[in-house]
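The block underneath contains the structure these notes are about, expressed in structure tokens.
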Amino acid sequence: MNPQSRAGRLAQSRTARILGIVVFNAIVYFTIGLPLAVFPGLVRYQLGFGAALAGGLISLQYSATLATRSLVGRFCDTYGAKFVVSAGQGFAFLSGFCVLAAGFCHGPMAVLGWLTASRLALGAAESGAGTGCIAWGVGRVGASHTAEVISWNGVASYGGVALGAPVGVALFHAGGLAAIGATVLVLAALGFAGARVSPAVPVMPGARLGLGRVARAMLPFGLALAGGSIGFGAIVAFIALDYSAHHWPGAAYALTVFGLAFISVRLVAIGSIGRFGGFRASLASFAIEAVGLLLLWAAPAPHAALAGAALTGLGFSLIFPAIAVEALKTVPASSRGAAVGLYTVFLDLALGLTGPGAGVIADHFGYPAVFLASAGTVLAALILTWRLMLTHQSKNWN
């Protein structure tokens, strides 16, 4: 066997091992995608609550993820990633039960209460599946393939959202909230069973850094990640309401286009992180994302909004893995789970604040203003990352 053929077979085997893990993340994110184009309109127009509350309900999931992410990271380092991923499937099951219960309720407050509980449970599910699958995947294929694991995990994440959004709309039209809840219950049960029979990886030996030291190491990288994540938060929380305000059909397809663009970059351009470095890859990504958000702000028609969603997905795609590659160099392998968890906290924080914060902007200035403000935040993240790159280069030269 020639070296090129052998290398190709090794790459295929590595990809198969990664996919065998990130499928559990795909299941959770599919359940996340199901209500994204349903809940905002349901809360705003059928239940009669305000735009800020509609956006806040979506962002509540990310607040729950924020609250659990660092604990999940520690559990990965202590009890193993398989345990954490299995727990994530269990919380997804609980989320489905809450949505199912909401489908049989009468009265806006009762429905809102069950939907709130479902978002909290789904936030814990996202935390367990997202962090756990990264740690599990890196444990299976080695730290040198971290970017590849994170990239495939992202494909699973946003691919799940892209597929879940239109399916959720169809389920809601066919059977209401009960149909969405029942679907989540079945998928989460399958995910839990699959995770339990998959081979675990050993817990990494060695001294573990305190959470304070890990947090300080992750802080500048996490702030850049947070700034770049605002655009994603704005789209998932407000794209459906923006379409409705313009009387445009097809809001779910904007989420699908975003997800497909995201996946395309992960599949085609993931090698650019290795070739150009995490800093340069993220700088280019921030610039593209900002252009997409500006197009969403100025979009005169639904096809322009779709183009803006696609550009935002193209830009956002590599930000998480590109910055993570640089961030994880600052901690030992024995603290990798905690580092991934704390680094991802900044994504959760950004998404958790986007809903209510952008809801206030929308109430005062309209939905397009949300995307303009998001573009400004992304550009601020670009400047921060540029400064981090210069600082990193200066340390290497010295």
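The values are calculated or read from the model by the stated rules, or taken from the named source; none is laboratory data. Worth saying up front: this structure is predicted, and the values here are computed from it rather than measured. Virtual Cβ from ideal backbone geometry, glycine too; neighbours counted across all protein chains shown. SASA here: full protein model, heavy atoms, side chains in, ligands and nucleic acids out. Shrake-Rupley method; radii C 1.70, N 1.55, O 1.52, S 1.80 Å.
In the chain, the calculated helix contribution to ellipticity at 222 nm averages -30000 deg cm²/dmol per residue, counting -39,500 (n - 2.57) for every DSSP H run with n ≥ 4. Given the alternatives (i) 31.7; (ii) 23.0; (iii) 19.5, mean projected area of the Cα convex hull in nm² as computed for this entry is given by (iii). Listed values for segment 170-180 are Karplus-derived 3J(HN,Hα) couplings in whole Hz (6.51 cos²θ - 1.76 cosθ + 1.60, θ = phi - 60°), namely 5, 5, 5, 5, 7, x, x, 4, 4, 5, 5, and x replaces Gly and Pro.
Ligands, DNA and RNA left out, the accessible area of segment 285-398 computed with a 1.4 Å probe is 72% carbon and sulfur.
Per residue, segment 327-393 exposes 39 Å² of solvent-accessible protein surface, assessed with a 1.4 angstrom probe and all protein chains in place.
About the centre of its Cα atoms, the chain shows a dipole size close to 1280 debye [charges on the beta carbon of Lys, Arg (+1) and Asp, Glu (-1) only; nearest 20 debye].
Can you give the Kirkwood hydrodynamic radius of segment 185-254 from its Cα pairs, in Å with one decimal? Walk me through the numbers on the way to the answer.
Working: mean 1/r = 0.0584 Å⁻¹.
So the Kirkwood estimate lands at 17.1 Å.
Taking N as the number of residues in segment 81-222, what value does Rg over Cα atoms divided by 2.2 N^0.38 Å take? Write down the numbers at each step before the final one.
Values: Rg = 17.8 Å, N = 142, 2.2 N^0.38 = 14.5 Å.
After normalising by residue count via 2.2 N^0.38 Å, the value is 1.23.
Ranking Ala350, Gly250, Phe192 by how far each Cα lies toward the positive end of the dipole of the chain (charges on Cβ) leaves Phe192 at the top. With the highest mean first, a sort of the peptides 266-272, 254-260 on other beta-carbon atoms found within 10 angstrom per residue produces 254-260, 266-272.
Across the alpha-carbon atoms of segment 265-352, the computed radius of gyration and Dmax are 15.1, 51 angstrom. Angle of helix 302-316 to the longest C-alpha principal axis of the chain, folded into 0 to 90 degrees and rounded to 10: 30°.
Taking every protein chain into account, the accessible area of segment 1-110 amounts to 43 square angstrom per residue (probe 1.4 Å). Only one residue of Gln61, Gly231, Gln89 has its Cα farthest out toward the positive end of the dipole of the chain, where Lys and Arg carry +1 and Asp and Glu -1 on Cβ, and that residue is Gln89.
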